[in-house]
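The values are calculated or read from the model by the stated rules, or taken from the named source; none is laboratory data. All values reported here derive from a predicted model rather than from experimental measurement. Reconstructed Cβ throughout: ideal geometry from the backbone, glycine too, with neighbour counts over all protein chains shown.
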Amino acid sequence: MMLRALTLLCLGLGAAPAAAASFEFVPAPQTDLNRMYRIDKVTGEVVSCQYGLQESGGGIGLTVCFGPGEGAGPQTPSEYGLVGTRHAREAGVFRVNYRTGEMSICFVLVKKEQVVCTQQANPAEGAADAPLAGPVPGRPGASATPPQGGRP
């Protein structure tokens, strides 16, 4: 009986890491930035770390991390991931919800020492009401992006 209880305890302890949160790691696309983003794949919480120079003591440097700020904290539980663009000067990454198709953009606000994310959006929502091409805020004239999706 004691051996059986010990066996069950050992099996239970072996299962504990499987219940732990899983993370995904993605580097910032910016080619001259040594920043890495981490997302909790269930909660969508995003943090970031990068290498920092150590100003005193002549050490090898230190890891500087930025915690979740506005919009980067836990979201509704789902299946989240991070996707970097191919833009060489982009310091942020997209947080994607693989179940709903929603996306937001996350980046580091260095002065606040936080990761922030825009509100999640789904391109399919409101697409029927959106114009195919039109003025883009901050740009004169129509959008340079050609119409997508085959609507006449």
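With the requirement that a residue be assigned to a strand (DSSP E or B) and aromatic (F, W, Y), what does segment 50-109 give you?
At the first step, the residues of segment 50-109 found to be assigned to a strand (DSSP E or B) are 50-52, 62-68, 80-83, 93-97, 103-109.
Listed by number, the residues that qualify are Y51, F66, Y80, F94, F107.
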Of all residues in segment 1-46, how many are at pLDDT below 50 and polar (S, T, N, Q)? 1
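Sort through G58, G92 and tell me the only one that's surrounded by fewer than 19 Cβ atoms within 10 Å (Cβ to Cβ) and either at pLDDT 95 or above or not polar (S, T, N, Q) (or both).
When all the criteria are applied, what remains is G58.
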Kindly indicate whether any position in segment 23-36 is touching a Phe, Trp or Tyr at 6+ places or on another chain (Cβ under 6 Å), more than 16 Å from V110 (Cα to Cα) and in a loop (DSSP other than H, G, I, E, B). no
In segment 59-92, which residues are of a type in the set (V, I, T) and within 21 Å of K112 (Cβ to Cβ)? T63, V64
